[in-house]
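Visitor: After the C-alpha coordinates below, expect a handful of questions from me.
The values are calculated or read from the model by the stated rules, or taken from the named source; none is laboratory data. Quick caveat, the model's predicted, so the values are computed rather than measured. Cβ sites come from the backbone with ideal geometry, for glycine too, and all protein chains shown count toward neighbours. For the accessible areas, the whole protein counts, side chains as well, though only heavy atoms, and no ligand, DNA or RNA atoms are used. Shrake-Rupley method; radii C 1.70, N 1.55, O 1.52, S 1.80 Å.
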Amino acid sequence: MTKIIVITSGKGGVGKTTTSASFAVGLASRGFKTAVIDFDIGLRNLDLIMGCERRVVYDFVNVIRNEANLNQALIRDKHIKDLFILPASQTRDKDALTLEGVSTVLDELSKTFDYVVCDSPAGIERGAQLAMYFADSAIVVTNPEVSSVRDSDRMLGLLSSKTKRAEEGREPLTEHLLLTRYSPKRVARGDMLSLSDVNEILAIPLLGVIPESQAVLRASNSGDPVILDKESDAGQAYLDAVGRFLGEKIPHRFIEEKGNWLKRLLNFKEKETV
Amino acid sequence: MTIANKISRILDYLKRPEKTSHFAKERLQIIIAHERGTRDKPDYLAALQKDLLDVIAKYVAIDKEAVKVDLERKDGYSVLELNVTLPEGL
Ligand SMILES: Nc1ncnc2c1ncn2[C@@H]1O[C@H](COP(=O)(O)OP(=O)(O)OP(=O)(O)O)[C@@H](O)[C@H]1O
Ligand SMILES: [Mg+2]
(Lines give C-alpha, C1' and ligand atoms only; values in the text may rest on other atoms or scores of the structure.)
(Ligands and ions follow the chains in the order given, each with its own letter.)
Protein backbone atom coordinates (compact mmCIF):
# COMPACT_ATOMS: atom_id res chain seq x y z
CA MET A 1 0.00 0.00 0.00
CA THR A 2 1.26 3.43 -0.95
CA LYS A 3 1.60 5.84 1.94
CA ILE A 4 0.93 9.51 1.33
CA ILE A 5 2.75 11.87 3.69
CA VAL A 6 2.04 15.59 3.92
CA ILE A 7 4.69 17.95 5.27
CA THR A 8 2.74 20.89 6.63
CA SER A 9 2.99 23.79 9.09
CA GLY A 10 0.60 26.66 8.49
CA LYS A 11 3.32 29.22 9.06
CA GLY A 12 5.74 29.93 6.24
CA GLY A 13 9.48 29.47 6.24
CA VAL A 14 9.68 26.96 9.06
CA GLY A 15 11.41 24.19 7.09
CA LYS A 16 8.75 22.25 5.17
CA THR A 17 10.65 22.10 1.91
CA THR A 18 13.92 21.30 3.68
CA THR A 19 12.10 18.50 5.47
CA SER A 20 10.29 17.20 2.38
CA ALA A 21 13.55 16.95 0.46
CA SER A 22 15.41 15.18 3.26
CA PHE A 23 12.54 12.86 4.07
CA ALA A 24 12.11 11.84 0.46
CA VAL A 25 15.83 11.15 0.13
CA GLY A 26 15.80 9.26 3.43
CA LEU A 27 12.90 7.01 2.45
CA ALA A 28 14.27 6.34 -1.02
CA SER A 29 17.72 5.53 0.40
CA ARG A 30 16.07 2.80 2.44
CA GLY A 31 14.92 1.24 -0.82
CA PHE A 32 11.37 2.58 -0.91
CA LYS A 33 10.25 3.92 -4.25
CA THR A 34 9.44 7.51 -3.39
CA ALA A 35 7.97 10.53 -5.15
CA VAL A 36 8.09 14.03 -3.71
CA ILE A 37 5.57 16.59 -4.96
CA ASP A 38 5.85 20.36 -4.72
CA PHE A 39 2.36 21.74 -3.96
CA ASP A 40 3.60 25.31 -3.73
CA ILE A 41 2.13 26.48 -7.04
CA GLY A 42 3.63 29.76 -8.18
CA LEU A 43 6.56 29.50 -5.78
CA ARG A 44 8.40 26.42 -6.99
CA ASN A 45 11.40 25.74 -4.72
CA LEU A 46 11.66 22.05 -4.06
CA ASP A 47 13.48 21.67 -7.39
CA LEU A 48 16.26 23.96 -6.13
CA ILE A 49 16.58 22.18 -2.81
CA MET A 50 16.72 18.82 -4.64
CA GLY A 51 19.19 20.23 -7.18
CA CYS A 52 17.12 19.44 -10.26
CA GLU A 53 15.95 22.93 -11.29
CA ARG A 54 17.65 22.74 -14.69
CA ARG A 55 15.86 19.54 -15.58
CA VAL A 56 12.30 20.75 -15.11
CA VAL A 57 10.40 20.46 -18.40
CA TYR A 58 6.85 19.69 -17.35
CA ASP A 59 5.25 20.21 -13.97
CA PHE A 60 2.37 19.17 -11.71
CA VAL A 61 -0.11 21.54 -13.39
CA ASN A 62 0.85 20.35 -16.89
CA VAL A 63 -0.01 16.83 -15.77
CA ILE A 64 -3.32 17.91 -14.25
CA ARG A 65 -4.23 19.75 -17.46
CA ASN A 66 -3.22 16.76 -19.58
CA GLU A 67 -0.48 18.77 -21.29
CA ALA A 68 2.01 16.10 -20.32
CA ASN A 69 1.81 12.66 -18.83
CA LEU A 70 3.09 11.86 -15.39
CA ASN A 71 6.18 10.04 -16.59
CA GLN A 72 7.24 13.02 -18.66
CA ALA A 73 6.94 15.33 -15.67
CA LEU A 74 8.60 13.16 -13.02
CA ILE A 75 12.30 13.98 -12.63
CA ARG A 76 14.60 11.18 -11.60
CA ASP A 77 16.83 12.19 -8.69
CA LYS A 78 20.51 12.57 -9.44
CA HIS A 79 21.66 10.65 -6.36
CA ILE A 80 19.12 8.00 -5.59
CA LYS A 81 17.67 5.49 -7.97
CA ASP A 82 14.18 5.13 -6.52
CA LEU A 83 13.48 8.83 -6.02
CA PHE A 84 11.40 11.08 -8.29
CA ILE A 85 10.44 14.73 -8.06
CA LEU A 86 7.25 16.30 -9.38
CA PRO A 87 7.87 20.05 -9.54
CA ALA A 88 5.29 22.77 -8.97
CA SER A 89 4.48 25.07 -11.84
CA GLN A 90 5.34 28.74 -11.80
CA THR A 91 1.88 29.71 -13.03
CA ARG A 92 0.14 32.46 -11.15
CA ASP A 93 -3.25 30.82 -11.55
CA LYS A 94 -4.19 29.93 -7.99
CA ASP A 95 -6.89 27.52 -9.10
CA ALA A 96 -4.53 25.46 -11.20
CA LEU A 97 -4.75 22.59 -8.72
CA THR A 98 -8.06 20.81 -8.59
CA LEU A 99 -9.23 18.08 -6.27
CA GLU A 100 -9.88 15.73 -9.20
CA GLY A 101 -6.50 16.55 -10.73
CA VAL A 102 -4.58 15.89 -7.53
CA SER A 103 -6.59 12.75 -6.93
CA THR A 104 -5.78 11.41 -10.42
CA VAL A 105 -2.05 12.08 -10.03
CA LEU A 106 -1.91 10.46 -6.58
CA ASP A 107 -3.87 7.43 -7.83
CA GLU A 108 -1.45 7.01 -10.70
CA LEU A 109 1.57 7.31 -8.38
CA SER A 110 -0.02 4.84 -5.99
CA LYS A 111 0.24 2.12 -8.62
CA THR A 112 4.02 2.00 -8.43
CA PHE A 113 5.32 4.08 -5.52
CA ASP A 114 5.73 3.12 -1.85
CA TYR A 115 5.74 6.66 -0.53
CA VAL A 116 4.48 9.98 -1.84
CA VAL A 117 5.75 13.01 0.07
CA CYS A 118 3.66 16.18 -0.38
CA ASP A 119 5.48 19.46 0.30
CA SER A 120 2.68 21.81 1.37
CA PRO A 121 2.69 25.54 0.77
CA ALA A 122 2.33 27.83 3.79
CA GLY A 123 -1.10 29.07 4.84
CA ILE A 124 -4.46 27.38 4.99
CA GLU A 125 -5.63 28.06 1.45
CA ARG A 126 -6.43 25.66 -1.36
CA GLY A 127 -2.85 24.49 -2.00
CA ALA A 128 -2.29 23.57 1.64
CA GLN A 129 -5.68 21.88 1.90
CA LEU A 130 -5.11 19.84 -1.25
CA ALA A 131 -1.65 18.82 -0.06
CA MET A 132 -3.16 17.33 3.11
CA TYR A 133 -6.46 16.04 1.72
CA PHE A 134 -5.34 12.55 0.68
CA ALA A 135 -2.67 12.06 3.35
CA ASP A 136 -2.21 8.97 5.49
CA SER A 137 0.39 10.66 7.68
CA ALA A 138 1.14 14.27 8.47
CA ILE A 139 4.46 15.65 9.59
CA VAL A 140 3.78 18.97 11.29
CA VAL A 141 6.91 21.09 11.03
CA THR A 142 7.14 23.52 13.93
CA ASN A 143 9.70 26.06 15.10
CA PRO A 144 10.03 26.75 18.84
CA GLU A 145 8.37 30.11 18.51
CA VAL A 146 4.86 31.40 19.36
CA SER A 147 3.38 31.98 15.92
CA SER A 148 4.67 28.70 14.53
CA VAL A 149 3.27 26.69 17.46
CA ARG A 150 -0.09 28.39 17.21
CA ASP A 151 -0.28 27.79 13.46
CA SER A 152 0.67 24.15 13.95
CA ASP A 153 -2.23 23.74 16.33
CA ARG A 154 -4.48 25.31 13.74
CA MET A 155 -3.21 22.80 11.16
CA LEU A 156 -3.92 19.94 13.56
CA GLY A 157 -7.51 21.13 13.63
CA LEU A 158 -7.70 21.07 9.84
CA LEU A 159 -5.99 17.68 9.67
CA SER A 160 -8.65 16.22 11.91
CA SER A 161 -11.56 17.60 9.89
CA LYS A 162 -10.57 18.58 6.35
CA THR A 163 -9.02 15.40 5.01
CA LYS A 164 -10.49 12.57 3.01
CA ARG A 165 -9.97 10.20 5.91
CA ALA A 166 -11.86 12.54 8.25
CA GLU A 167 -14.68 13.13 5.78
CA GLU A 168 -15.11 9.42 5.14
CA GLY A 169 -14.98 8.69 8.86
CA ARG A 170 -12.03 6.38 8.37
CA GLU A 171 -9.18 5.88 10.81
CA PRO A 172 -7.57 9.33 11.25
CA LEU A 173 -4.20 10.02 9.68
CA THR A 174 -1.15 9.68 11.91
CA GLU A 175 0.27 12.96 13.17
CA HIS A 176 3.94 13.57 13.85
CA LEU A 177 5.63 16.58 15.35
CA LEU A 178 8.95 17.63 13.86
CA LEU A 179 10.50 20.45 15.83
CA THR A 180 13.01 22.23 13.64
CA ARG A 181 15.52 25.07 13.97
CA TYR A 182 15.94 24.10 17.60
CA SER A 183 18.70 25.69 19.58
CA PRO A 184 19.39 23.95 22.92
CA LYS A 185 21.67 26.80 23.81
CA ARG A 186 18.90 29.38 23.53
CA VAL A 187 16.53 27.07 25.37
CA ALA A 188 19.03 26.81 28.23
CA ARG A 189 19.27 30.58 28.27
CA GLY A 190 15.50 30.82 28.60
CA ASP A 191 15.06 32.58 25.26
CA MET A 192 13.37 29.78 23.38
CA LEU A 193 10.45 27.44 23.99
CA SER A 194 11.79 24.05 24.98
CA LEU A 195 11.00 20.71 23.41
CA SER A 196 8.90 19.78 26.43
CA ASP A 197 6.98 23.10 26.24
CA VAL A 198 6.05 22.53 22.60
CA ASN A 199 5.33 18.88 23.20
CA GLU A 200 3.03 19.71 26.09
CA ILE A 201 1.11 22.33 24.10
CA LEU A 202 0.65 20.43 20.83
CA ALA A 203 0.38 16.98 22.41
CA ILE A 204 1.12 14.84 19.35
CA PRO A 205 3.85 12.20 19.08
CA LEU A 206 7.33 13.60 18.56
CA LEU A 207 9.09 12.41 15.43
CA GLY A 208 12.27 14.35 15.93
CA VAL A 209 14.13 17.53 16.68
CA ILE A 210 16.20 19.14 13.95
CA PRO A 211 18.74 21.58 15.34
CA GLU A 212 19.30 25.02 13.91
CA SER A 213 22.24 24.25 11.70
CA GLN A 214 24.52 25.93 9.24
CA ALA A 215 24.52 22.72 7.26
CA VAL A 216 21.00 23.50 6.00
CA LEU A 217 22.06 26.63 4.15
CA ARG A 218 25.10 24.85 2.76
CA ALA A 219 22.87 22.04 1.54
CA SER A 220 20.51 24.43 -0.20
CA ASN A 221 23.44 26.25 -1.80
CA SER A 222 24.60 23.07 -3.44
CA GLY A 223 21.22 21.48 -4.09
CA ASP A 224 21.95 18.34 -2.09
CA PRO A 225 19.35 17.75 0.65
CA VAL A 226 20.94 18.09 4.09
CA ILE A 227 20.25 14.45 4.98
CA LEU A 228 23.05 13.56 2.53
CA ASP A 229 25.50 15.52 4.71
CA LYS A 230 25.97 12.66 7.12
CA GLU A 231 28.61 14.50 9.13
CA SER A 232 26.23 17.32 9.99
CA ASP A 233 23.97 17.54 13.03
CA ALA A 234 20.89 18.37 10.94
CA GLY A 235 21.68 15.56 8.50
CA GLN A 236 21.93 13.05 11.32
CA ALA A 237 18.78 14.37 12.94
CA TYR A 238 16.87 13.84 9.68
CA LEU A 239 18.31 10.32 9.32
CA ASP A 240 17.06 9.53 12.83
CA ALA A 241 13.64 11.02 12.11
CA VAL A 242 13.22 8.89 8.99
CA GLY A 243 14.23 5.82 11.00
CA ARG A 244 11.64 6.64 13.66
CA PHE A 245 9.01 7.22 10.99
CA LEU A 246 9.70 3.68 9.81
CA GLY A 247 9.13 2.40 13.33
CA GLU A 248 12.67 2.16 14.65
CA LYS A 249 13.42 3.05 18.26
CA ILE A 250 16.05 5.76 18.09
CA PRO A 251 16.83 8.03 21.05
CA HIS A 252 16.46 11.77 20.47
CA ARG A 253 19.66 13.72 19.97
CA PHE A 254 20.61 17.39 19.67
CA ILE A 255 18.12 18.38 22.34
CA GLU A 256 20.54 19.03 25.18
CA GLU A 257 23.24 21.62 25.32
CA LYS A 258 26.58 19.97 25.83
CA GLY A 259 27.98 20.29 29.35
CA ASN A 260 26.44 21.90 32.41
CA TRP A 261 26.11 25.61 33.02
CA LEU A 262 29.28 25.87 35.09
CA LYS A 263 31.29 24.22 32.38
CA ARG A 264 29.68 26.47 29.82
CA LEU A 265 30.52 29.49 31.87
CA LEU A 266 34.13 28.59 32.39
CA ASN A 267 34.86 26.70 29.23
CA PHE A 268 34.65 29.60 26.82
CA LYS A 269 34.57 28.86 23.21
CA GLU A 270 35.88 31.55 20.92
CA LYS A 271 33.36 30.64 18.29
CA GLU A 272 29.69 31.05 19.05
CA THR A 273 27.70 28.14 17.84
CA VAL A 274 24.35 29.23 16.48
CA MET B 1 41.64 34.36 26.85
CA THR B 2 42.66 36.76 29.56
CA ILE B 3 41.37 36.79 33.12
CA ALA B 4 39.72 40.16 32.47
CA ASN B 5 37.91 38.60 29.60
CA LYS B 6 36.69 35.76 31.73
CA ILE B 7 35.48 38.10 34.41
CA SER B 8 33.61 40.16 31.89
CA ARG B 9 31.97 37.02 30.53
CA ILE B 10 30.92 36.06 34.05
CA LEU B 11 29.48 39.53 34.59
CA ASP B 12 27.65 39.30 31.28
CA TYR B 13 26.23 35.99 32.38
CA LEU B 14 24.99 37.40 35.64
CA LYS B 15 23.30 40.41 34.11
CA ARG B 16 21.85 38.55 31.15
CA PRO B 17 18.41 39.65 30.05
CA GLU B 18 15.32 38.25 31.72
CA LYS B 19 14.12 34.89 30.53
CA THR B 20 11.12 35.13 28.23
CA SER B 21 10.34 31.59 27.14
CA HIS B 22 7.88 31.03 30.00
CA PHE B 23 5.82 33.99 28.76
CA ALA B 24 5.67 32.32 25.37
CA LYS B 25 4.47 29.09 26.91
CA GLU B 26 1.80 30.69 29.08
CA ARG B 27 0.45 32.87 26.30
CA LEU B 28 0.33 29.92 23.91
CA GLN B 29 -1.49 27.74 26.40
CA ILE B 30 -4.20 30.37 26.82
CA ILE B 31 -4.73 31.28 23.19
CA ILE B 32 -4.60 27.69 21.97
CA ALA B 33 -7.11 26.52 24.58
CA HIS B 34 -9.40 29.31 23.42
CA GLU B 35 -8.95 28.52 19.73
CA ARG B 36 -9.50 24.83 20.24
CA GLY B 37 -12.82 25.69 21.85
CA THR B 38 -14.05 27.35 18.69
CA ARG B 39 -12.22 25.09 16.26
CA ASP B 40 -14.92 22.79 14.99
CA LYS B 41 -17.67 25.35 15.16
CA PRO B 42 -19.18 26.64 11.92
CA ASP B 43 -18.20 30.20 10.97
CA TYR B 44 -21.78 31.49 11.16
CA LEU B 45 -21.92 30.91 14.90
CA ALA B 46 -20.19 34.18 15.76
CA ALA B 47 -22.45 36.11 13.35
CA LEU B 48 -25.54 34.40 14.75
CA GLN B 49 -24.46 35.27 18.26
CA LYS B 50 -24.11 38.93 17.30
CA ASP B 51 -27.50 39.08 15.55
CA LEU B 52 -29.24 37.47 18.51
CA LEU B 53 -27.58 39.92 20.84
CA ASP B 54 -28.80 42.84 18.71
CA VAL B 55 -32.38 41.55 18.68
CA ILE B 56 -32.51 40.92 22.40
CA ALA B 57 -30.90 44.29 23.11
CA LYS B 58 -33.88 45.94 21.42
CA TYR B 59 -36.07 44.78 24.31
CA VAL B 60 -33.77 44.38 27.29
CA ALA B 61 -30.56 46.09 28.21
CA ILE B 62 -28.13 43.20 28.22
CA ASP B 63 -24.45 42.70 28.37
CA LYS B 64 -22.32 41.67 25.39
CA GLU B 65 -21.31 38.54 27.25
CA ALA B 66 -24.89 37.64 28.08
CA VAL B 67 -25.62 35.67 24.93
CA LYS B 68 -23.83 32.37 24.33
CA VAL B 69 -24.41 30.25 21.28
CA ASP B 70 -22.99 26.79 21.06
CA LEU B 71 -23.26 23.97 18.61
CA GLU B 72 -22.75 20.45 19.78
CA ARG B 73 -22.53 17.52 17.43
CA LYS B 74 -23.87 14.15 18.50
CA ASP B 75 -23.92 11.17 16.17
CA GLY B 76 -26.45 11.91 13.51
CA TYR B 77 -27.68 15.29 14.77
CA SER B 78 -26.52 18.62 16.14
CA VAL B 79 -27.81 20.63 19.07
CA LEU B 80 -27.82 24.41 18.90
CA GLU B 81 -27.62 25.66 22.43
CA LEU B 82 -28.67 29.23 23.19
CA ASN B 83 -27.97 30.74 26.58
CA VAL B 84 -29.17 34.20 27.47
CA THR B 85 -28.46 35.65 30.88
CA LEU B 86 -30.87 38.48 31.63
CA PRO B 87 -29.95 41.16 34.12
CA GLU B 88 -31.32 40.84 37.65
CA GLY B 89 -34.58 42.51 38.60
CA LEU B 90 -36.47 41.85 35.41
N1 LIG C 1 17.31 23.28 10.73
C2 LIG C 1 17.56 24.45 10.12
N3 LIG C 1 18.64 25.19 10.46
C4 LIG C 1 18.89 26.36 9.84
N5 LIG C 1 18.16 26.87 8.85
C6 LIG C 1 17.09 26.19 8.45
C7 LIG C 1 16.72 24.94 9.07
N8 LIG C 1 15.59 24.49 8.45
C9 LIG C 1 15.26 25.41 7.51
N10 LIG C 1 16.16 26.43 7.50
C11 LIG C 1 16.15 27.61 6.65
O12 LIG C 1 14.88 28.23 6.75
C13 LIG C 1 14.47 28.76 5.51
C14 LIG C 1 13.10 28.23 5.15
O15 LIG C 1 13.18 26.83 4.92
P16 LIG C 1 12.18 26.07 3.94
O17 LIG C 1 12.19 26.69 2.60
O18 LIG C 1 12.45 24.62 4.06
O19 LIG C 1 10.82 26.44 4.68
P20 LIG C 1 9.34 26.23 4.14
O21 LIG C 1 8.52 25.93 5.35
O22 LIG C 1 9.31 25.27 3.02
O23 LIG C 1 9.01 27.70 3.58
P24 LIG C 1 7.69 28.10 2.73
O25 LIG C 1 6.59 28.22 3.73
O26 LIG C 1 8.07 29.43 2.13
O27 LIG C 1 7.46 27.03 1.72
C28 LIG C 1 15.53 28.40 4.50
O29 LIG C 1 16.38 29.49 4.32
C30 LIG C 1 16.26 27.26 5.16
O31 LIG C 1 17.61 27.21 4.76
MG1 LIG D 1 8.44 25.45 1.07
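Visitor: Once both axes come from the Cα atoms, what is the angle between helix A:233-245 and the longest principal axis of chain A, in degrees from 0 to 90, rounded to 10?
Guide: 60 degrees
Visitor: Here's a follow-up. Taking each residue of A:191-201 in turn, how many C-beta atoms of other protein chains fall within 10 Å of its C-beta, and what is the average?
Guide: Per residue, the average neighbour count from other chains is 4.
Visitor: For A:Asp119, A:Asp191, give me the order by solvent-accessible area with a 1.4 Å probe, most accessible first, ignoring ligands, DNA and RNA. Don't skip to the answer; put the middle values down first.
Guide: Values: A:Asp119 0, A:Asp191 55 Å².
Ranked list, largest accessible area first: A:Asp191, A:Asp119.
Visitor: Going through the stretch A:192-232, which GluC sites (Glu not before Pro) have at most 14 other Cβ atoms within 10 Å and a DSSP loop state?
Guide: Here the GluC sites (Glu not before Pro) that fit, given the DSSP loop and packing criteria, are A:Glu231.
Visitor: Now for a different question. With a 1.4 Å probe and every protein chain kept in, tell me what percent of the accessible surface of chain A is carbon plus sulfur.
Guide: For chain A, the apolar C and S fraction of the accessible surface comes to 49 percent.
Visitor: Amide H neighbours of B:Leu71 under 5 Å, counting only residues 5+ apart in sequence or on other chains, H built in-plane at 1.01 Å?
Guide: Placed amide hydrogens put B:Glu81 under 5 Å from B:Leu71.
Visitor: While we're here: Excluding A:Arg126 itself, calculate the net charge of residues whose Cβ lies under 13 Å from the Cβ of A:Arg126, where each Lys or Arg counts +1 and each Asp or Glu counts -1.
Guide: Neighbour charge sum, excluding A:Arg126 itself: -2.
Visitor: At a probe radius of 1.4 Å, figure out the B/A buried accessible area, summed over both chains, and give it in Å² to the nearest 100.
Guide: Using a 1.4 Å probe on protein heavy atoms, the buried area is about 2000 Å².
Visitor: Then there is this: Rank these by accessible area, largest first, 1.4 Å probe: B:Tyr59, B:Tyr13.
Guide: Descending order: B:Tyr59, B:Tyr13.
Visitor: Using 0.36 nm per residue, how much length does the chain from A:Arg253 to A:Glu125 gain when fully extended, once their Cα-Cα distance is taken away?
Guide: 42.6 nm
Visitor: How charged is the neighbourhood of A:Ala234? Take every other residue with its Cβ under 14 Å from the Cβ of A:Ala234, and add Lys/Arg as +1 and Asp/Glu as -1.
Guide: Neighbourhood net charge equals -2.
Visitor: Leaving ligands and nucleic acids out of the surface, order A:Ile37, B:Ile7, B:Ile56 by accessible area at 1.4 Å, largest first.
Guide: Putting A:Ile37, B:Ile7, B:Ile56 in descending order of accessible area: B:Ile7, B:Ile56, A:Ile37.
Visitor: Would you kindly calculate the translational diffusion coefficient of the stretch A:50-108, applying Stokes-Einstein with the Kirkwood radius from alpha carbon pairs, for 4 °C and a viscosity of 1.567 mPa s, and quote it in µm² s⁻¹ without decimals?
Guide: 108 µm²/s
Visitor: With θ set to phi - 60°, apply the Karplus curve 6.51 cos²θ - 1.76 cosθ + 1.60 along the stretch A:93-107 and write out the HN-Hα couplings as whole Hz, x wherever there is a Gly or Pro.
Guide: Along the stretch A:93-107, the couplings run 6, 5, 9, 4, 8, 10, 4, 5, x, 4, 4, 4, 5, 5, 4 Hz.
Visitor: Oh, and also: How much mean residue ellipticity at 222 nm does chain A get from its helices, if each DSSP H run of length 4 or more adds -39500 (n - 2.57) and you divide by all residues, to the nearest 500 deg cm²/dmol?
Guide: It lands at -11000 deg cm²/dmol.
Visitor: How many nm separate the modelled label positions at B:Ala66 and A:Gln214, each set 7 Å beyond the Cα in the direction of the Cβ?
Guide: Once both label points are built, they end up 6.5 nm from each other.
Visitor: Could you do me a favour and compute the accessible area per residue for the protein assembly as shown, 1.4 Å probe, result in Å²?
Guide: 55 Å²
Visitor: Give the long-range amide H neighbours of A:Glu145: residues separated by 5 or more places, or on another chain, with amide H under 5 Å away, using H modelled in the peptide plane at 1.01 Å from N.
Guide: none
Visitor: Which positions within the stretch B:19-65 get 40 Å² or more of their accessible surface covered by the other protein chains, compared to the chain by itself, with a 1.4 angstrom probe?
Guide: Buried-area filter returns B:Lys19, B:Ser21, B:Lys25, B:Leu28, B:Ile32, B:Glu35, B:Arg36, B:Arg39.
Visitor: Once amide H atoms are placed 1.01 Å from N in the peptide plane, what residues at a sequence separation of 5 or more from A:Ile210, or on another chain, have their amide H within under 5 Å of its amide H?
Guide: For A:Ile210, whose amide H was placed from the backbone, the distant partners under 5 Å are A:Leu179, A:Thr180, A:Arg181, A:Tyr182.
Visitor: Scan the stretch A:100-170 for GluC sites (Glu not before Pro) in coil per DSSP, keeping those whose Cβ has at most 13 other Cβ atoms within 10 Å, and list them by number.
Guide: A:Glu125, A:Glu168
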